[in-house]
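Chemist: Input: one structure, supplied below.
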Amino acid sequence: DQQVKQNSPSLSVQEGRISILNCDYTNSMFDYFLWYKKYPAEGPTFLISISSIKDKNEDGRFTVFLNKSAKHLSLHIVPSQPGDSAVYFCAAPVAGYALNFGKGTSLLVTP
Amino acid sequence: GAGVSQSPRYKVAKRGQDVALRCDPISGHVSLFWYQQALGQGPEFLTYFQNEAQLDKSGLPSDRFFAERPEGSVSTLKIQRTQQEDSAVYLCASSLDSSGNTIYFGEGSWLTVV
């Protein structure tokens, strides 16, 4: 049962422009969301998170927005850099510890 | 080492063979998780340990999968009588506390069953 959905398998953006990665969820009990970044042949690394009591969290070039009524969150990367090219996973903890991941969006930032 | 270490990094097993995948978590981390990532999918939760206690094994796909963490540090995921559908990356992760809010993943063990 896919409770976290990333409907765009891939995204291509020019260097310097904004990258917007989207994530939808079905479980209204989710109260915390995380974004992970994964390079080939490496494990996912934590990028940024947001609690459901907030609607925005910013960390440098990365901002996550949460729209609880729409059960939607998005990750904005501004400005995008070639080193940002990776697969990005949206995730939410179930029972406080088991992360429920989306299928990921592969971001390619071109020079 | 500073991070979560997994071995072997790559394993090719013949169908029916047993395999064992090892995870060395970050020193002092209480929680340890195993995830399975099939090609083109996100990681899927398999099992969770708090110290040596296996508190949740609800994600293990069948009774051919077994995990242990006898001394509360190193963990082993064992797959008996491997089948082709077991081909995936097996990711181990650890966390300082019992929450899953910030966990650190290893590089994964890539299993191919032929």
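Chemist: For a quick check of your reading of the filter: which trypsin sites (Lys or Arg not before Pro) in the stretch B:1-88 sit in a DSSP loop and have no more than 15 other Cβ atoms within 10 Å?
Modeler: Listed in order of number, the matching sites are B:Arg9, B:Lys14, B:Arg15, B:Lys57, B:Arg64, B:Arg81.
Chemist: Regarding the protein assembly as shown, what's the average projected area of the Cα-atom convex hull, expressed in nm²? Intermediate values should be presented prior to the final figure.
Modeler: On the way: hull surface 49.2 nm².
Hull-based average projected area comes out at 12.3 nm².
Chemist: Further, regarding this structure: Extending each Cα 7 Å along its Cβ direction at A:Gln14 and B:Asp97, get the distance between those two points in nm, one decimal.
Modeler: 4.5 nm
Chemist: Label points 7 Å out from Cα along the Cβ direction at B:Arg64 and A:Ala41: separation in nm?
Modeler: The two pseudo-label positions are separated by 2.8 nm.
Chemist: When the solvent-accessible surface of protein heavy atoms is calculated with a 1.4 angstrom probe, in what order do B:Leu60, A:Leu11 fall, highest first? All intermediate terms of the calculation are to be shown ahead of the outcome.
Modeler: Working: B:Leu60 30, A:Leu11 50 Å².
Result, largest first: A:Leu11, B:Leu60.
Chemist: On average, how much accessible surface per residue is there in chain A, in Å², for a 1.4 Å probe, leaving out ligands, DNA and RNA? Mind dumping the intermediate values first?
Modeler: Values: 5300 Å² over 111 residues.
For chain A, the per-residue accessible area is 48 Å².
Chemist: Magnitude of the Cβ-charge dipole of the stretch B:24-96, K/R +1 and D/E -1, about the Cα centre, nearest 20 debye? If you can, show how the numbers build up before the last one.
Modeler: Values: 5 positive and 9 negative charges, 17 e Å.
That gives the stretch B:24-96 a dipole magnitude of about 80 debye.
Chemist: In the stretch A:4-110, what is the volume of the convex hull around the alpha carbon atoms, normalised per residue and reported in Å³?
Modeler: Expressed per residue, the convex hull around the Cα atoms of the stretch A:4-110 is 92 Å³.
Chemist: Between A:Asp59 and B:Arg9, what FRET efficiency follows from the Cβ-Cβ distance if R0 is 35 Å, with the result rounded to 0.05?
Modeler: Values: r = 31 Å, r/R0 = 0.87.
FRET efficiency, A:Asp59 to B:Arg9: 0.70.
Chemist: Counting DSSP beta bridges in the protein assembly as shown, what percent are antiparallel, to the nearest 5? The partial results should precede the final answer.
Modeler: Numbers: 69 of 78 bridges.
DSSP beta bridges in the protein assembly as shown are roughly 90 percent antiparallel.
Chemist: Give me the percent of accessible area attributable to carbon and sulfur for the stretch B:24-96, probe 1.4 angstrom. Before the final figure, lay out each step's value.
Modeler: On the way: 1530 of 3240 Å².
On the stretch B:24-96, the fraction of accessible area on carbon and sulfur atoms equals 47 percent.
Chemist: Which of the trypsin sites (Lys or Arg not before Pro) found in the stretch A:20-111 are loop residues per DSSP with 13 or fewer other Cβ atoms within 10 Å of their Cβ?
Modeler: A:Lys54
Chemist: Could you give the nm distance between label points at B:Gln41 and A:Gln2, where each point is 7 Å from its Cα heading toward the beta carbon?
Modeler: 1.1 nm
Chemist: Using the Karplus equation 6.51 cos²θ - 1.76 cosθ + 1.60 (θ = phi - 60°), what ³J(HN,Hα) coupling, rounded to whole Hz, does each residue of the stretch A:106-111 give in order, writing x for Gly and Pro?
Modeler: 8, 9, 10, 9, 9, x
Chemist: Roughly how big is the stretch A:4-110's charge dipole about its Cα centre, with Cβ charges of +1 (Lys, Arg) and -1 (Asp, Glu), in debye to the nearest 20? Each step should come with its number before you reach the end.
Modeler: Values: 10 positive and 8 negative charges, 39 e Å.
For the stretch A:4-110, the charge dipole is close to 180 debye.
Chemist: Still on this structure, please answer the following. Dipole magnitude of the protein assembly as shown about its Cα centre, charges +1 at Lys/Arg Cβ and -1 at Asp/Glu Cβ only, in debye to the nearest 20? The partial results should precede the final answer.
Modeler: Numbers: 20 positive and 21 negative charges, 90 e Å.
With Lys and Arg at +1 and Asp and Glu at -1, about 440 debye.
Chemist: Also: Hey, can you find the accessible area per residue of chain B for me, probe 1.4 Å, expressed in square angstrom? Numbers along the way, then the final one.
Modeler: Details: 5540 Å² over 114 residues.
That works out to 49 Å² per residue.
Chemist: If you don't mind, another one. How high is the relative contact order of chain B, in percent, with contacts defined as C-alpha pairs under 8 Å that are six or more residues apart? Could you put the intermediate results ahead of the total?
Modeler: On the way: 293 pairs, mean separation 41.9, N = 114.
Rounded, it is 37 percent for chain B.
Chemist: Determine ³J(HN,Hα), in whole Hz, for all residues of the stretch A:5-20 in sequence, where each value follows from phi through the Karplus function 6.51 cos²θ - 1.76 cosθ + 1.60 and θ = phi - 60°; x replaces Gly and Pro.
Modeler: Along the stretch A:5-20, the couplings run 10, 10, 8, 9, x, 8, 8, 10, 9, 7, 3, x, 8, 8, 9, 10 Hz.
Chemist: Just to verify a number: what accessible area does B:Ser7 come out at with the full protein assembly present, 1.4 Å probe, Å² rounded to tens?
Modeler: Roughly 50 Å² of B:Ser7 is accessible to a 1.4 Å probe.
Chemist: Farthest toward the dipole's positive end in the stretch A:4-110, which of A:Gln6, A:Tyr32, A:Val64, given Cβ charges of +1 (Lys, Arg) and -1 (Asp, Glu) about the Cα centre?
Modeler: Of the listed residues, the answer is A:Gln6.
The values are calculated or read from the model by the stated rules, or taken from the named source; none is laboratory data. What you are looking at is a predicted structure, and each value in this text was computed from that prediction instead of being measured. Every residue, glycine as well, gets a Cβ built from its backbone with ideal geometry; the counts of neighbours run over all protein chains shown. What goes into the accessible areas is simple: the full protein's heavy atoms, side chains included, and nothing from ligands, DNA or RNA. Shrake-Rupley method; radii C 1.70, N 1.55, O 1.52, S 1.80 Å.
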